[in-house]
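Engineer: Shown below is the structure under consideration.
Quick note: the coordinates plus some simple rules give every number you see, no bench work behind them. Not measured: the values here are computed from a predicted model. We place every Cβ from the backbone using ideal geometry, glycine too, and count neighbours over all the protein chains shown.
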C-alpha cells in the first residue's frame, strides 16, 4: 500500500470515527429530549388536577372522593389511537394525592394509600411551594420500569393543604425514543455510505491527474537530455486536454439543451409560413396566386435547409479543439478570388468590391486551414455586400504587424444599431437587410468567430466613424 492510499484511508477512517461519535452523542440525546417533552405535559396535568381538587376543598380539607370513580372509569376505557404509526389503547397516567404531612390519601392504582411520601423529592419540594419532579422505577434497579412524576401543591386560602403528584411510565413513550434512534442511526449510516461512495468516485476521478504526473515523470526519466521547452509543451498539452474533457462534461447537457431550444424557435417561423401556404393552395385560386404561394413554400423550405446546414457546420466547428491539418496560407490570392465572387453577387444591385492589394502581391501568410479561412472571409464579404446600399462600395484591405495579420471588410450601409452592439456574434441573432428587410439564419458571424478562435485569432464588428460597419479578422502572423 503506497503512501497516498494510506493517507486517503486515514482521512476516511477519521471521517467515519467523527460521524460515529456525532451519531453516538445524538442517539444519547434523544431520550432526554423526549423526557423533557413528557415532563412539560405532566406539569400542565398536575396543575390542572391541583386546581380541580382546590375547587372541591374550599373548607380546607382535602376532598378526593370524586377521583376514585373517575380513574376507575378512565382505566376501564378502551380506545385506539394511531400516533404516527404507533397504537395506543389505554390510559397509563397515574395520580397520587398527599396531605400536608406527605401521607398518601389517594392513589389511582390503589397501592400507596396511607404511605409516607414526604421523602420523595417531588412531594417534598411541592410542600415547600417549589417545583418538584422525580423519576423512580416501580421495580428497584430496573430502569425499564421507571415512572416520571411531577407534583403541584394544593392551596386553599394561601395555605398548602396537600400535593398532587402525576406520573407517567417511561415505557409509554419509550417506543417513540426507539423509533427516533432507529431513524437517526439509519440516516447516519446512509450518509456515511454516501460520503464513502462519493470519496471513492472523487478519488478515482483524481487518480487520472496523478497518473498523468506519473507518466510525465517516466517520460522525463526516459529522456537522454533535459529540454525545458519540450517538457513544458508536453505538460501544457496534458493540462489542456484534461481541461477540455472537464469542460465538455460540465457543459454538454446545457449545450445540447440550448441548441435544441434555439433551433426549434428559428424553425417555427418558416414552418408556419409553409403550413399557411399549403393550406391556401388547397383552395381554388388564380394561377398567379398559386405560383406565388408555391414559391413561398420553396423559399421557406430553402431557408430551413440553409439553417440546418449552417447549424451542422457550426456544431462541427464547436466540437473541434484544434485544427487537424495546418499549412501556410497566402492571403493575397485568396482575397482576390473571394473579391471576384463577391463582385458577381453584388452586380445585380450595383455594389462594387474594392480590393486594395496589388494584383500580383502574395500578401502576408498565416498558418491554418485554407478552406476554413476561405469560408470565414467569404461570410464577411457576403455580409458587407448584403448591407451595402444600391451602388455602394465594399472595401477590403490587409494590414499586418510583426505578430498579426488584419483583414478588414468595410461596407457603407446603415451600420450596427445601438441595441445590436454586442449581440452580432450570438447564434441566430440577425439584423434585417436594408433592401429586402429580411433576416439571415444568424449563424454566419458565429461561424466566422469559431474559425477565428480555431486559428488562435479573433474577429470584431464595429461601426465606422463616418458610417457603415467594419469587420476585422485578426490572425497570427506566420513566423
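Engineer: If the label point is 7 Å along Cα→Cβ of residue 138, which residues in the stretch 82-105 have backbone nitrogen under 14 Å from it?
Structural biologist: Hits in the stretch 82-105 for residue 138 at 14 Å: 90-95.
Engineer: Any chance you could get the radius of gyration and Dmax over the Cα atoms of the stretch 3-178, in Å?
Structural biologist: 21.9, 85
Engineer: Apply 1/(1 + (r/R0)^6) to the Cβ-Cβ distance of residue 80 and residue 14, taking R0 = 60 Å, and write down the FRET efficiency to the nearest 0.05.
Structural biologist: 0.75
Engineer: Could you tell me what fraction of 2.2 N^0.38 Å the Cα radius of gyration of the stretch 400-457 comes to, as a two-decimal ratio? Walk me through the intermediate numbers first.
Structural biologist: Values: Rg = 13.7 Å, N = 58, 2.2 N^0.38 = 10.3 Å.
Its radius of gyration relative to the 2.2 N^0.38 Å reference: 1.33.
Engineer: Take each of the peptides 278-286, 387-395, 36-44, average the number of other beta-carbon atoms within 10 Å over its residues, and list them starting from the highest. Write down the numbers at each step before the final one.
Structural biologist: Details: 278-286: 10.3, 387-395: 18.7, 36-44: 13.9.
The peptides rank, most packed first, as 387-395, 36-44, 278-286.
Engineer: Rg/Rh for the stretch 327-476: what does it come to with C-alpha atoms and Rh from Kirkwood?
Structural biologist: Expressed as Rg/Rh, it is 0.94.
Engineer: What is the packing order of peptides 140-146, 410-416, taking the mean over residues of other C-beta atoms within 10 Å and listing the highest first?
Structural biologist: 410-416, 140-146
Engineer: Once the piece of chain linking residue 24 and residue 370 is laid out straight, how much longer is it, given 0.36 nm per residue of separation minus the C-alpha distance between them?
Structural biologist: Net length gain for the segment: 117.5 nm.
Engineer: If the chain between residue 51 and residue 115 were fully stretched, how many nm would it gain, using 0.36 nm times the residue separation less the Cα-Cα distance?
Structural biologist: 20.7 nm
Engineer: Additional query: Sorted by average packing, counted as other Cβ atoms within 10 angstrom per residue and highest first, what order do 438-445, 106-113, 93-100 take? Each step should come with its number before you reach the end.
Structural biologist: On the way: 438-445: 19.0, 106-113: 16.1, 93-100: 20.9.
The densest-packed peptide leads the list: 93-100, 438-445, 106-113.
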